[in-house]
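The block underneath contains the structure these notes are about, expressed in structure tokens.
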Amino acid sequence: MLTPPEAFKCLADETRARATLLIAEHGELCVCELMCALQDNQSKISRHLAQLRTAGLLLDRRQGQWVYYRLNSDLPAWFKDVLRITCEGNAAWLSDSTSRLSKMDGRPQRAASCC
């Protein structure tokens, strides 16, 4: 079970906080989308995503050459509330990242749900 110290330690890093909030807002993002949004290199983004996955905050799935990350659906309700309130209250802090993501050329297409 995710404890407050574990959760807040994960979000104490700016890259991990921004990535987590962007994923919370968009539902699912791949490494290349986060590279564009956060203006950082693949190795740094992947390293931070691995830490978030290891902590249990994120899950990943592979689709072709892309690896997509989403929030773990088993996260406690209190943490989902923290993410939602943080997103709502910090739109300006995320605006540059969100803008870059929305303008990204060549964003990967997600497979349609089969069910």
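The values are calculated or read from the model by the stated rules, or taken from the named source; none is laboratory data. From a predicted model like this one, the values you see are computed outputs, not experimental measurements. No Cβ is skipped: glycine too gets one built from the backbone with ideal geometry, and neighbour counts run over all protein chains shown. Just the protein is used for accessible areas: all its heavy atoms, side chains included, with ligands, DNA and RNA removed. Shrake-Rupley method; radii C 1.70, N 1.55, O 1.52, S 1.80 Å.
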Of all residues in segment 1-54, how many are open to solvent by 70 Å² or more (accessible area, probe 1.4 Å) and in contact with a Pro (Cβ under 9 Å, 6 or more places away or on another chain)?
1
Filter segment 62-75 for residues that are loosely packed, with under 14 Cβ neighbours inside 10 Å and modelled with pLDDT of 95 or more and give the result.
S73, D74
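Just give me the residues in segment 79-102 being open to solvent by 90 Å² or more (accessible area, probe 1.4 Å) and either aromatic (F, W, Y) or at pLDDT below 95 (or both), in sequence order.
Listed by number, the list holds a single entry, W93.
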Within segment 22-90, which helices (runs of 4 or more DSSP H) (wholly inside it) include 2 or more residues that are free of Cβ contacts under 8 Å to residues at least 60 places away in the same chain and of a type in the set (G, A, S)?
42-54, 77-89
Run F8 past the list (1) touching a residue at least 24 places away in the same chain (Cβ under 8 Å); (2) farther than 24 Å from G64 by Cβ and report the number of the one that doesn't hold.
(1)
In segment 52-91, the residues that are of a type in the set (G, A, S) and over 18 Å from L11 (Cβ atoms)
G64, S73
Condition test on R107, is it in a loop (DSSP other than H, G, I, E, B), of a type in the set (K, R), touching an Asp or Glu at 6+ places or on another chain (Cβ under 7 Å) and open to solvent by 70 Å² or more (accessible area, probe 1.4 Å)?
yes
